[in-house]
Amino acid sequence: MNIEAIKKQHKQIAEWKYEWHPIDKGYNNRTLYVNLSNNEIKEKPVSKEMKEKFVGGKGFGLRLLWDGTKPTTKWNDPENEIIISGGPICGITQYSGTGKALCVSISPQTDSIMDSNVGGFFGPFSKFAGFDAVEVQGKADKDVIIFIDGVNHKVEILDAPAEPIDSHVLGEVLHEMYSDDEKDRKNVAVVSAGTAADHSLIGMLNFTFWDNKRKLVRLKQAGRGGIGTVFRDKKIKAIVAKIDGVKGNLNNVVDLEAIMERGKRFNREMRELDDKQCEMKKKGTAHLTNIMNDYDLLPVHNFKFGSHPDANKIHGDVWQSYFTQGVPDGCWIGCNMSCAKGVDNYELRSGPYKGDKVIVDGPEYETTSSLGSIAGIFNPDFTIEANFYCDTYGICTISWGTILGFVMECYENGILNDERTGGLKLNFGNADAAMDLLHQVAKGEGFGLIAGLGVRKMKELFAEKGWGDPQFLQDIGMENKGLEYSQYVSKESLAQQGGYAMTNKGPQHDEAWLIFMDMVNNQIPTFEDKAEALHYFPMFRTWFGLQGLCKLPWNDVEPENNAQTDEPAKVPEHVDNYVTIYKAVTGNQNFDKYEMITQSERVYNFQRIFNLRRGYGTRKHDAQPYRAAGPVTVEEYESRAERYDKQMKELIGVDPEGKTTEEKIAITRKYRENRYEQLLDAVYLRRGWTKNGVPKIEHLKKIKMDLPELIEIIKDHQED
Amino acid sequence: MKIILNNRTEVFDKNNMSISEIMEIKNFSYQKIIVKLNNIIIEKEDFKNTIVKEGDNLVILHLLAGG
């Protein structure tokens, strides 16, 4: 590709120069605002209150989005925003997993607030360039690039008509275009989407990082909730950040020694324990595939089942054999977890890049399921190729897989047929048809246009057209709040059902993963126990998203003596690492593990009330599809009849003898649905919310989050 | 034999089984676990030769990972 010829077609639309200041204890104390409708570029100050109440990352994103939009703003209104923010810890290089950013926007899928976390270099680079958050509002007329030039301290909006859109090509083009030479490639970071984001509501953002060993651009994804669709709707082709290099203490932390000491401890754990624990360096999160199958948790055939005899074909060892071994695979500098695995020189067999040899980033665990078992496809080559295309086309692999499972079950039940799918025979296991459908989304044609709407809108559409029983569609369509479920079967863990459906943004496991604690360990048997877990873990994990941290180093390797601690599930030594690092970065010596939870609570409650402001955020929005809680079909019940019959006898107190399967399904359903309602009551109480799931004013006062704009929203919803 | 496994009553066909045998029957393949027999931590290398008897209290705690 002729980079110079492409660049020549750029036309500067706007330019804004700024004075650069060194970061002070993790903060620039200003954010960048870019409006693509009127081409305004400016900085906004970050107040002391903003740092105290919102901290950074997702907190900053939510605050800016609240201020920038109205309760009625739709995802494709010009005033919708995309905010990308790291957080105070983001960008340190002495501890693993410290380069994350959080993307926040109004989602085309849920019509409410979406947040999605992502690795790659853009979060740290935009911070090093001078900004604690990048806030983009408005819509361009034509495709543009936003260039944050941290070397010459200016921000530009450029007409960019000639660049390709698919991320694996665009990333390479822009890294070359904006670097001085090959050595400088590592100082560029790109955010982009892809052609499927133009034609679907499940568009995703790709964040690049330069892989110095491979001399290639790699991609990490902010997948959930369609933020890539918003990005392309604003006609953004890319946001580029450039800096003049990463040095040891660009965050100007207060106590670098303390961070280095904790970093060394962690690195020793990775060196000595990873092979005995999760094998993250060899397999990444794909090590979980066979484990989830063993525990009946791997989604098979649209979450009907949790295991399959062919799952050995997608065993973690199989993924290891595909991944290039012994190369540093961190998606941020200094990360020793090194889990961003890659399949090198992979020759594509379909689509517009057929015959090309590419690097495929992943698959991670979620993708081994979503582009595999959930569709009844146990073929690593399908998964790898579909992973590549989802990434470069800019669509979320998790959502796409759950969509695929849904349409396949609809097809097998006659709700869809060849006429309705345009001839695609979407049976479980049909890899060719599944791949064709994916390419259709990118081309914006055929049934791909319908599938790209996501599960909720398909359910509504099919019901409207009289295709299938609406109740059955509701039961098997694995979405909540409009977002597709991520890849764990939650039927046997009531706590995980809450961990999914009670989330602020929709069912993603980044708030809570409680299945082992609940289902296997039986550590949280009462509703109160589950409620405590559904308070602590979502709050604790929210904190990563305020700081620019990756969750994986918290518990994907654990200190050797973790078993001897009081609360091994919380990994106390690693929690202490984070407390130490936060204090060492910001100098806030009053901080401790309790304040960590309170920081998160403030932002978590703000997000809940933000949902309420938009007409959501109450009990009815925490309802789950029944498939998440129990067996919908006769086939499903009978596949695990021994388990369900035993539970009926021992837990429900009903003798299953002589009952038809349909009768047993109904009895089980009544019991499980009732238990879920009791769980909601217990969790709302623990979180300081009303029975309708609205934060109580007294609770906001207790956590010092009783902002007038929040009280105004909730004051008429306090009945309990 | 009847034992308590993770706070639930479990019945196995055989008496006097090793921890490894029980884990195999339960399909507990996950590596990051803590095992306690009658409140005493059992190291991984002792799973094969530690025998669980009628009435014992066995905890096989699976720690979180992934996501």
Seminar exercise, completed: Exception for A:GLY120 within (1) within 28 Å of A:GLU261 (Cβ to Cβ); (2) more than 17 Å from the chain's Cα centre (by Cα) falls at (2)
Exercise. Got at least one residue in the range A:269-281 being of a type in the set (A, V, I, L, M) and touching a Gly at 6+ places or on another chain (Cβ under 6 Å)?
Worked result: no
For this session: Residues being charged (D, E, K, R) and either in contact with a Lys or Arg (Cβ under 7 Å, 6 or more places away or on another chain) or surrounded by 12 or more Cβ atoms within 10 Å (Cβ to Cβ) (or both): count how many of those fall in the range A:647-664.
Result: 5
Problem set entry | Residue check, A:GLY316 within 14 Å of chain B (Cβ to nearest Cβ), crowded, with 18+ Cβ neighbours inside 10 Å and at pLDDT 95 or above | yes
For this session: Specify the residue that is surrounded by the most Cβ atoms within 10 Å (Cβ to Cβ); the eligible residues are those in the range A:259-282 that are within 11 Å of chain B (Cβ to nearest Cβ) and part of a helix (DSSP H, G or I).
Result: A:MET280
For this session: Please enumerate the residues belonging to the range B:1-14 that are part of a loop (DSSP other than H, G, I, E, B) and surrounded by 11 or more Cβ atoms within 10 Å (Cβ to Cβ).
Result: B:MET1, B:ASN6, B:ASN7, B:PHE12
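Any residue in the range B:14-32 that is among the aliphatic types (A, V, I, L, M), at the interface with chain A (Cβ under 9 Å from one of its Cβ atoms) and touching a residue at least 24 places away in the same chain (Cβ under 8 Å)?
Looking for residues that are among the aliphatic types (A, V, I, L, M), at the interface with chain A (Cβ under 9 Å from one of its Cβ atoms) and touching a residue at least 24 places away in the same chain (Cβ under 8 Å), one finds none in the range B:14-32, hence no.
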Seminar exercise, completed: If we ask which residues in the range A:111-131 are outside any helix (DSSP H, G or I) and not acidic (Asp, Glu), their number turns out to be 11
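Each row is one residue, and each column tells you yes or no for (1) buried (at least 22 other Cβ atoms within 10 Å of the Cβ); (2) out of contact with any strand residue (DSSP E or B) (no Cβ under 8 Å at 6 or more places or on another chain); (3) away from chain B (no Cβ under 14 Å); (4) among the polar types (S, T, N, Q).
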residue: A:ASP556; (1), (2), (3), (4): yes, yes, no, no
residue: A:THR565; (1), (2), (3), (4): no, yes, no, yes
residue: A:ASP576; (1), (2), (3), (4): no, yes, yes, no
residue: A:ASN588; (1), (2), (3), (4): no, yes, yes, yes
residue: A:LYS593; (1), (2), (3), (4): no, yes, yes, no
residue: A:ARG614; (1), (2), (3), (4): no, no, yes, no
Problem set entry | Candidates A:LEU483, A:LEU424 - the one that is under 19 Å from the mean Cα position of the chain (by Cα) and not polar (S, T, N, Q) | A:LEU483
Seminar exercise, completed: Within the range B:40-54, restricting to residues that are closer than 20 Å to A:PHE516 by Cβ and of a type outside the set (A, V, I, L, M), the one that is farthest from the other protein chains (Cβ to nearest Cβ) is B:PHE47
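Restricting to the range A:332-364, and then to whatever is in contact with a Gly (Cβ under 9 Å, 6 or more places away or on another chain) and part of a strand (DSSP E or B), can you tell me which residue is nearest to A:GLU172 (Cα to Cα)? Can you show your working first?
At the first step, the residues of the range A:332-364 found to be in contact with a Gly (Cβ under 9 Å, 6 or more places away or on another chain) are A:332-343, A:347-349, A:359-364.
Those still in the list that are part of a strand (DSSP E or B) too: A:342-343, A:347, A:359-361.
Details: A:GLY342: 16, A:VAL343: 17, A:GLU347: 18, A:ILE359: 12, A:VAL360: 14, A:ASP361: 14 Å.
Within the range A:332-364, the match that is nearest to A:GLU172 (Cα to Cα) is A:ILE359.
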For this session: Of all residues in the range A:501-520, count the ones that are away from chain B (no Cβ under 12 Å) and at negative phi.
Result: 6
Problem set entry | Residue check, A:VAL318 at negative phi and assigned to a loop (DSSP other than H, G, I, E, B) | no
Problem set entry | Unmet criterion (only one of (1) out of contact with any helix residue (DSSP H, G or I) (no Cβ under 9 Å at 6 or more places or on another chain); (2) away from every other protein chain (no Cβ under 13 Å)) for A:ALA531 | (1)
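Residues checked against (1) under 30 Å from A:GLY548 (Cα atoms); (2) within 14 Å of another protein chain (Cβ to nearest Cβ); (3) surrounded by fewer than 18 Cβ atoms within 10 Å (Cβ to Cβ):
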residue	(1), (2), (3)
A:MET292	yes, yes, no
A:CYS331	yes, no, no
A:MET337	yes, yes, no
A:GLU347	no, no, yes
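The values are calculated or read from the model by the stated rules, or taken from the named source; none is laboratory data. As the structure is a prediction and not an experimental result, all values here were calculated from the model. Using ideal geometry, Cβ is built from the backbone for each residue, glycine included, and neighbour counts are taken over all protein chains shown.
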